[in-house]
Amino acid sequence: MLWLRNSSVSSRVGYINGTVINLYAPIPGIAQLDPLEPGQALQKGQVLGAITNDRNPQLETDRQNLVTRLAQAEAERTALDAQIASREAVRSQLLSKASSQQQLEEQFFQQGSERTRNELRQAQENLAFAKIEADRYQSLVESGAVSQQLADAAISRAREAQAVVAAKQNELQRQQTALAAMRQGLQLDAARTLSIPEIRRLDLESELVDLTLKRQTVSATIQEIQQEIKNLQQQLELQRKALIKAPIEGVVWSITNRTGLLGIPLTAGDPLLEMVTCADTWVTALVSERDRGRLRIGQQAEIQLLDGTNTNISGRIRSIRGGPGKVTAGTDVAVPPPDLVRNEVEVQVSLLEKPSVLAAGNFCGIGQSATVNFLP
């Protein structure tokens with residue numbers, strides 16, 4: 001028991017492993033990859049080739065439909081512009097006629113007021129003459145030169161002249177009030193009746209409002225269609241050519257499809273090549289299941305490469321997989337483990353250091369055999 005406790009556990013089989021990263025065709029088309037070879041180092045973002053697809057019937061049909069809709073909307077806006085311009089021209093003519101009509105009406109009311117003012121002046125002169133004649137007849141009556149009947153008739157004529165003056169004053173006041181109302185577009189003697197030019201002008205104002213709102217709606221539709229065409233054009237550009245770039249810094253592991261100089265047709269999702277990265281490598285060790293109790297996550301390990309260089313690497317256990325996990329272990333790695341024999345577990349050991357023999361030019365050392373000793 002003391003010997004088992006102090007002795008280290010060693011792996012039966014061990015080799016360096018890594019995760020495989022697959023590159024797929026992003027769009028359908030003719031793929032042309034640069035001349036690549038397994039083991040070639042790649043930088044992150046390095047362009048490895050391109051896929052071109054000059055024909056995309058669905059997107060092109062959608063674009064043509066949008067172009068047709070845009071032409072129709074622009075033609076409708078042009079027609080609305082012409083209608084608005086013609087309506088505004090007619091409105092300007094009607095406004096000019098309405099202004100002329102208002103000037104004529106104002107002249108008519110002013111002439112009427114001037115005539116009434118002259119009549120008032122004449123009536124005031126007649127009133128003054130009638131008062132003088134009434135006073136004269138009254139003095140003659142007192143002296144007995146004429147009868148009282150003649151004096152009463154003169155007084156009656158003076159009163160009639162007074163009434164005429166009052167009537168003319170009232171008429172002049174009414175005409176001046178009507179003139180002020182007319183200047184404000186009002187009518188006092190009856191319900192205001194609109195002239196034909198005014199009625200037509202009001203109809204044009206309402207029609208212009210409707211046409212302007214319709215034009216704004218059409219303009220908004222044109223902007224939306226133009227934006228849709230712009231977005232669709234961007235999609236077409238993306239679908240016509242797509243660059244194939246290395247997603248990470250790593251090494252070409254295998255090339256699934258060699259395109260050559262002429263390229264080969266591929267559909268979206270077809271595999272292109274496989275990469276591995278030196279940043280994510282570990283050692284896969286197969287250990288007897290009897291030693292499972294002597295292993296733990298984080299336990300230190302010594303890794304010795306079996307390539308004749310006697311290279312030793314420090315490591316640490318990162319996972320222990322046994323039991324049912326042995327069935328699907330390693331399906332996403334560069335070197336899947338062989339069928340595990342009975343009573344064995346798979347132990348993954350992280351590399352705490354990366355010597356030069358595990359550089360990119362050597363496939364990051366993936367696949368090299370190694371012996372792992374797990375320290376107690």
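The values are calculated or read from the model by the stated rules, or taken from the named source; none is laboratory data. Note that the coordinates shown come from a computational prediction; the quantities given were computed from them, not determined experimentally. Reconstructed Cβ throughout: ideal geometry from the backbone, glycine too, with neighbour counts over all protein chains shown. Each accessible area value is taken on the protein alone, full model and side chains, heavy atoms only, with ligands, DNA and RNA left out. Shrake-Rupley method; radii C 1.70, N 1.55, O 1.52, S 1.80 Å.
Any chance the range 288-305 includes a residue that's of a type in the set (Val, Ile, Thr), at pLDDT below 90, more than 19 Å from Val13 (Cβ to Cβ) and not in a strand (DSSP E or B)?
Let us first name the residues in the range 288-305 that are of a type in the set (Val, Ile, Thr), namely 297, 303.
From what is left, the residues that are at pLDDT below 90 are none.
Among the residues of the range 288-305, not one is of a type in the set (Val, Ile, Thr), at pLDDT below 90, more than 19 Å from Val13 (Cβ to Cβ) and not in a strand (DSSP E or B), which makes the answer no.
Hey, could you check the range 129-160 for residues that are touching a helix residue (DSSP H, G or I) at 6+ places or on another chain (Cβ under 9 Å) and not in a helix (DSSP H, G or I) and say which is least open to solvent (accessible area, probe 1.4 Å)?
Top of the filtered list is Val146.
Being open to solvent by less than 70 Å² (accessible area, probe 1.4 Å) and either in a helix (DSSP H, G or I) or modelled with pLDDT under 85 (or both) is true for just one of Ala79, Ala50. Which residue is that?
Values: Ala50 fails: either in a helix (DSSP H, G or I) or modelled with pLDDT under 85 (or both).
Within the list Ala79, Ala50, the selection yields Ala79.
Being free of Cβ contacts under 8 Å to residues at least 60 places away in the same chain and either in contact with a Pro (Cβ under 7 Å, 6 or more places away or on another chain) or more than 30 Å from Leu150 (Cβ to Cβ) (or both) is the filter here, so list the residues in the range 97-139 that pass it.
Going residue by residue through the range 97-139, those that are free of Cβ contacts under 8 Å to residues at least 60 places away in the same chain are 99-100, 103-104, 107-108, 111, 114-139.
Once the filter is applied, which keeps residues that are free of Cβ contacts under 8 Å to residues at least 60 places away in the same chain and either in contact with a Pro (Cβ under 7 Å, 6 or more places away or on another chain) or more than 30 Å from Leu150 (Cβ to Cβ) (or both), the range 97-139 yields Ser99, Ser100, Gln103, Leu104, Gln107, Phe108, Gln111, Glu114, Arg115, Thr116, Arg117, Asn118.
Return the pairs, sorted by first residue and then second, in which the second residue is part of a helix (DSSP H, G or I) and open to solvent by 90 Å² or more (accessible area, probe 1.4 Å), the first residue lies in the range 224-239 and is under 19 Å from Gln72 (Cα atoms) and modelled with pLDDT of 85 or more, the beta carbons are less than 6 Å apart, and the residues are 6+ apart or on different chains.
Partner pairs satisfying both residue conditions: Ile225/Arg69.
Out of all the residues in the range 343-366, which are touching a Phe, Trp or Tyr at 6+ places or on another chain (Cβ under 9 Å), of a type outside the set (Val, Ile, Thr) and either over 16 Å from Asp307 (Cα atoms) or open to solvent by less than 40 Å² (accessible area, probe 1.4 Å) (or both)? Give the derivation first.
Of all residues in the range 343-366, those touching a Phe, Trp or Tyr at 6+ places or on another chain (Cβ under 9 Å) come to 347-351, 363, 366.
Narrowing further to those that are of a type outside the set (Val, Ile, Thr): 348, 350-351, 363.
Within the range 343-366, Gln348, Ser350, Leu351 meet the criteria.
Every residue, every condition in (1) among the hydroxyl-bearing types (Ser, Thr, Tyr); (2) within 28 Å of Ala359 (Cα to Cα); (3) open to solvent by 50 Å² or more (accessible area, probe 1.4 Å), yes or no:
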residue	(1), (2), (3)
Gln235	no, no, yes
Leu243	no, yes, yes
Ala246	no, yes, no
Arg258	no, yes, yes
Leu262	no, no, yes
Arg296	no, no, yes
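Looking at (1) modelled with pLDDT under 75; (2) assigned to a helix (DSSP H, G or I); (3) farther than 30 Å from Gln83 by Cα, which is the only condition Ala191 fails?
Result: Ala191 passes all but (2).
Taking the criterion of being touching an Asp or Glu at 6+ places or on another chain (Cβ under 7 Å), modelled with pLDDT of 85 or more and open to solvent by less than 60 Å² (accessible area, probe 1.4 Å), would at least one residue in the range 62-73 satisfy it? Write out each step before concluding.
Residues of the range 62-73 that are touching an Asp or Glu at 6+ places or on another chain (Cβ under 7 Å), as a first pass: 66.
Of the ones still in play, those that are also modelled with pLDDT of 85 or more are 66.
Now drop any that are not open to solvent by less than 60 Å² (accessible area, probe 1.4 Å), which leaves 66.
Within the range 62-73 (the criterion being touching an Asp or Glu at 6+ places or on another chain (Cβ under 7 Å), modelled with pLDDT of 85 or more and open to solvent by less than 60 Å² (accessible area, probe 1.4 Å)), the answer is yes, since at least one residue qualifies.
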